[in-house]
Amino acid sequence: MNDRSAFVWMTVGLALLGLASPLSAQRAGMWTFNGQYSTVLPIGDLTRSFTDGFSWRGGTIDVERGATDRLSIGASVGWHLLSEQNATTSLLPDAALSGTALRHVNSVPLLVSGTVTLGSPGRVRPFFGAGGGLVWVENRTEAGPFVLEDTNWHRGAMGEVGVQIPRARSATITIAARYQRASEVNGVEREYVTFSLGYLLGG
Amino acid sequence: MPGAALVCLLVTAACYPGQIEGVDEPDVVLTVFDPSAAFGSFVTYAMPDTVIEVDAPGTDVLPTPELDQQVLDAVATEFAALGYTRVTPEATTAPDLIVLLSVSASEAPLWTDDPWWALWGWFSGWSSWYPAWGADWVLRYPWAESYPGVRRPGTLLITMIDPDHSGSEPQSIPVIWASALDGLYTGSEASVVSRFQSLVRQAFEQSPYLHPDRP
């Protein structure tokens, strides 16, 4: 399944889930803001061959508006960093660098997102999300006096599962795992999973 | 302003963790090429029989004429394995490529506009093959701005020129492929001898465009 079809199916699934639930005015029309601290786990051969270390550096912000009681639609922006010192070969379209080096991936996804939240207000609620858009990715290799840097805009997609844990007033804690993909451009493809702890306001 | 500087520092450190520590491991091989070059059409090459010491003579670089010859032989071996034929300066027909080897005596920008005449003017092939090149022409690396860096003392630079590949700037000789072997000529001679063959081979292995299907 390619990126586009995966994104379409996730979007259709979310829409059906959201529309199948009883409509209510409780969340429809209301804005939510979810600021999340994210850790990053690289997956996929192309990503892991460049940087294969778990990263504690990342952040994600989701801003969405309730379309129905369960379905909200909005935007997601993130900054996710992978970094590792290893001895491999960094390949760019017109250059290569081999040897022990610090290799970094800075990924900034800019996505349109949708989230379906199940369960009842005031209780722990599971949610599912999907999104698509663009991902800016910088791949940087630092070895001795040499630096190779390669930046590209990729088509991107994400799928997410998580839970909302209600807290006092209108704040909610979120815990989520998100699969993030930046599709192939110039031989570079990046895939990773973020594990995020968020603080959700509104909704 | 101190606050802004602190933010910049934190952001930079966050984007490139470990950058301050750096990596100072030896045996780093960089290769860069010009994608517009027709690598598949090259058959013959010439290579001057000297590794030129670039910049003012330094004290950090080993004066090792015997080692120079071994390095030249290693490069020639790789070209031969790819099916290229080496021609001598006495050949009447110009080769498709010129391959130049130099080693840095002091730290310098990685891709400097090397003065062709001052460094390589003694090579007798030039005058018979490419009489249009003047003494003030320079070697120019088209990727210099894309891949900046530093050439540390002892770095071996292998440079490939296609004389028929016209440069975009006047009086420039465009380089179509180059490989920098960081700090190869530093350390003891035994250390260099133990490393150079694998590093030269690595430069060619990570340049698959030099491997067109050859008979």
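For B:145-156, what's the mean count of beta carbons from other chains sitting within 10 Å of each residue's beta carbon?
For this peptide, the per-residue mean of nearby foreign Cβ atoms is 3.
Using Cα pairs closer than 8 Å and at least 6 residues apart in sequence, work out the relative contact order for the range B:26-210, in percent.
32
Order the peptides B:101-111, B:122-132 from the highest to the lowest mean number of other Cβ atoms within 10 Å of their residues.
B:101-111, B:122-132
Hey, can you rank B:86-95, B:142-151, A:107-116 by average C-beta count inside 10 Å, highest first?
Averaged packing, sorted descending, gives the order A:107-116, B:142-151, B:86-95.
Would you mind checking the tilt of helix A:3-20 against the longest principal axis of the Cα atoms of chain A, expressed as 0 to 90 degrees and rounded to 10?
Result, in degrees: 10.
Could you give the dipole magnitude of chain A about its Cα centre, charging the beta-carbon of Lys and Arg +1 and that of Asp and Glu -1, in debye to the nearest 20?
Magnitude of the dipole: close to 1000 debye.
Could you tally the net charge around B:A94, taking each other residue with its Cβ under 14 Å from the Cβ of B:A94, Lys/Arg +1 and Asp/Glu -1?
Summing Lys and Arg as +1 and Asp and Glu as -1 gives -3.
Given N residues in chain A, what is its alpha carbon radius of gyration divided by 2.2 N^0.38 Å?
After normalising by residue count via 2.2 N^0.38 Å, the value is 1.11.
Within the range A:94-177, list the trypsin sites (Lys or Arg not before Pro) lying in a DSSP loop whose Cβ has at most 12 other Cβ atoms in a 10 Å radius.
Within the range A:94-177, the qualifying trypsin sites (Lys or Arg not before Pro) (loop, at most 12 other Cβ atoms within 10 Å) are A:R123, A:R167, A:R169.
Could you give the alpha-carbon Rg of the range A:18-120 over 2.2 N^0.38 Å, rounded to two decimals?
That works out to 1.50 for the range A:18-120.
Using the C-alpha gyration tensor of the range B:91-208, what are the square roots of 5 times its eigenvalues, in whole angstrom, with the largest one first?
26, 16, 14
Per residue of A:97-108, how many C-beta atoms from partner chains lie within 10 Å of its own C-beta, taken as a mean?
5
Within a 10 angstrom radius of each residue's Cβ in A:88-94, how many Cβ atoms of other chains show up on average? Whole number is fine.
4
Every number here is computed from the coordinates shown, using simple stated rules; none is lab data. Computed from a prediction, not measured in an experiment: that's the story for all the values here. Every residue, glycine among them, receives a Cβ derived from its backbone with ideal geometry; neighbour counts consider all protein chains shown.
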